[in-house]
Number of protein chains: 2
Amino acid sequence: MSGWVTVAGLGPGSEALVTPEVTAALAEATDVVGYIPYVARVAPRDGLTLHPSDNRVELDRAGAALQMAAEGRRVVIVSSGDPGVFAMASALFEALEASPNHQATDIRILPGITAMLAAAARAGAPLGHDFCAINLSDNLKPFSEVERRLRHAARGGFAMAFYNPRSASRPHQFTRVLEILREECEPARLILFARAVSTPDERISTVTLEEATPEMADMRTVVIVGNEATRRVGTWVYTPRSVAP
Amino acid sequence: MSGWVTVAGLGPGSEALVTPEVTAALAEATDVVGYIPYVARVAPRDGLTLHPSDNRVELDRAGAALQMAAEGRRVVIVSSGDPGVFAMASALFEALEASPNHQATDIRILPGITAMLAAAARAGAPLGHDFCAINLSDNLKPFSEVERRLRHAARGGFAMAFYNPRSASRPHQFTRVLEILREECEPARLILFARAVSTPDERISTVTLEEATPEMADMRTVVIVGNEATRRVGTWVYTPRSVAP
């Protein structure tokens, strides 16, 4: 009886974006753990125990998964998007570091389609040149660090994707993010709000930085800011591959 | 007879990482166009014409796809990884911008697992905090732009993923990239070389910046540089989710 832990990325929402590798891991699992809405995406079946848990208990969840694997269970930790992008993979390794007796656990990380790539594809190709991904939440880092990264990203000419731009508990930070962007970028810079991509609630809009308002983002939105060359062609938004010398 | 163009991401190599959405698009296609090794990943069948083409003819290929769609063909442009990350989606929109008579073409972009996410998953979670993706090739931008972005990424505390780090035609630039990183980062910074991820040729190694040599990268390698908190736990490499205030 040899247990394992797999951290699997379910993609942004649509089943058509779940990789066969992830589907196969779920078919072999005895236990699925994860945040409530992600576990809800896994179909119940005989022999499979679902363990939904609340947000912000990532380390407890990872520790429980390691413990179940030690008992011979085959555990899939489900993440939305890609598990390595602001999701459960890092939490699992933090838990592993804190549990020396679990370090021989059979672990696999299975990549998934992360929200910024699904959003970019729906809009065109706004991340078609160098870009960065920034988690705007200050749950786990000071907001001064967010500000430092925003300024370097803008001054480096990167397109940017923002995860967790705004939540009920921190409604004002995204206002400040827009202010910082306005200090660093021209008013005509394109900014794209992609909500619930690939689900029935999908809503995507592109505006200029000048037109953007904080209310355009919520906790289900990924925000993409183009670089200075990002432009529209018809209904699409794309960033050219070249930079003039 | 209504034609279309779909740009589809095949992922890094393994069929287990191709999304069902991409598989379905290929099943409906009459024509597949793309760089020779990517078209070679599509199984021939009756009614499907394969159009492999050489590297560096992206705009010609995109223009040909738009023309075929206008003639009622169902065309899939295949990209490795994700089509929106240093791949064919931007080239298609460049071609569309240059062809006003094709702007009503039915276009879809289908995301895929890009190399950095597959590499990160194999290694652990090195992109578990804010990160950026930089194309090191200077085919389409001056090297001074690469240098500017490297320095901002390092000073902003981002982990970094490098695409196209080194090729036979530009063997010296990656040497210069390592020099710049050594000016900006501490010698113990972890750097990960992931070659041909998810294929039989896969080879992944993690060294410190001090130990890294240019020969560790080639054109099939994606390179990931951790941030200052990136560390090892057992055989894994991960970046913690938090930044201390």
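The values are calculated or read from the model by the stated rules, or taken from the named source; none is laboratory data. Remember, it's a predicted structure, so these values are computed and weren't measured experimentally. Cβ placement follows ideal geometry from the backbone for every residue including glycine, while neighbour counts extend to all protein chains displayed. Heads up: the accessible areas ignore ligands, DNA and RNA and are worked out on the full protein's heavy atoms, side chains in. Shrake-Rupley method; radii C 1.70, N 1.55, O 1.52, S 1.80 Å.
Only one of these is small (G, A, S), closer than 18 Å to B:L117 by Cβ and in a loop (DSSP other than H, G, I, E, B): B:S198, B:S242. Name it.
That would be B:S198, the only listed residue that is small (G, A, S), closer than 18 Å to B:L117 by Cβ and in a loop (DSSP other than H, G, I, E, B).
Out of all the residues in segment A:35-56, is one or more surrounded by 15 or more Cβ atoms within 10 Å (Cβ to Cβ), within 11 Å of chain B (Cβ to nearest Cβ) and in a helix (DSSP H, G or I)?
Scanning segment A:35-56, I find no residue that is surrounded by 15 or more Cβ atoms within 10 Å (Cβ to Cβ), within 11 Å of chain B (Cβ to nearest Cβ) and in a helix (DSSP H, G or I), so the answer is no.
Table: residues versus (1) open to solvent by less than 10 Å² (accessible area, probe 1.4 Å); (2) part of a helix (DSSP H, G or I); (3) closer than 22 Å to B:R56 by Cα; (4) within 7 Å of chain A (Cβ to nearest Cβ).
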{"site": "B:A91", "(1), (2), (3), (4)": "yes, yes, yes, yes"}
{"site": "B:E94", "(1), (2), (3), (4)": "no, yes, yes, yes"}
{"site": "B:T105", "(1), (2), (3), (4)": "no, no, no, no"}
{"site": "B:A119", "(1), (2), (3), (4)": "yes, yes, no, no"}
{"site": "B:G128", "(1), (2), (3), (4)": "yes, no, no, yes"}
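Of the residues that make up segment B:229-238, is at least one in contact (Cβ under 8 Å) with a residue 40 or more places away in the chain and among the polar types (S, T, N, Q)?
The answer is yes, given that some residue of segment B:229-238 is in contact (Cβ under 8 Å) with a residue 40 or more places away in the chain and among the polar types (S, T, N, Q).
Would you please name the residue that is nearest to the other protein chains (Cβ to nearest Cβ), looking only at residues in segment A:151-165 that are outside any loop (DSSP other than H, G, I, E, B) and surrounded by fewer than 24 Cβ atoms within 10 Å (Cβ to Cβ)?
Applying the first criterion (outside any loop (DSSP other than H, G, I, E, B)) to segment A:151-165 yields A:151-155, A:159-163.
Checking the rest, the ones that are also surrounded by fewer than 24 Cβ atoms within 10 Å (Cβ to Cβ) come to A:151-152, A:154-155, A:163.
On the way: A:R151: 8, A:H152: 3, A:A154: 9, A:R155: 6, A:Y163: 9 Å.
Looking at the filtered set, the residue picked out is A:H152.
Considering every residue within segment A:169-185, establish whether at least one is away from every other protein chain (no Cβ under 14 Å), in contact with a helix residue (DSSP H, G or I) (Cβ under 7 Å, 6 or more places away or on another chain), β-branched (V, I, T) and not in a strand (DSSP E or B).
Looking for residues that are away from every other protein chain (no Cβ under 14 Å), in contact with a helix residue (DSSP H, G or I) (Cβ under 7 Å, 6 or more places away or on another chain), β-branched (V, I, T) and not in a strand (DSSP E or B), one finds at least one in segment A:169-185, hence yes.
So which residues in segment B:1-34 are at the interface with chain A (Cβ under 10 Å from one of its Cβ atoms) and assigned to a loop (DSSP other than H, G, I, E, B), if there are any at all?
B:P12, B:S14, B:V18, B:T19
Got a number for residues in segment A:62-89 being open to solvent by less than 20 Å² (accessible area, probe 1.4 Å) and of a type in the set (D, E, K, R)?
1
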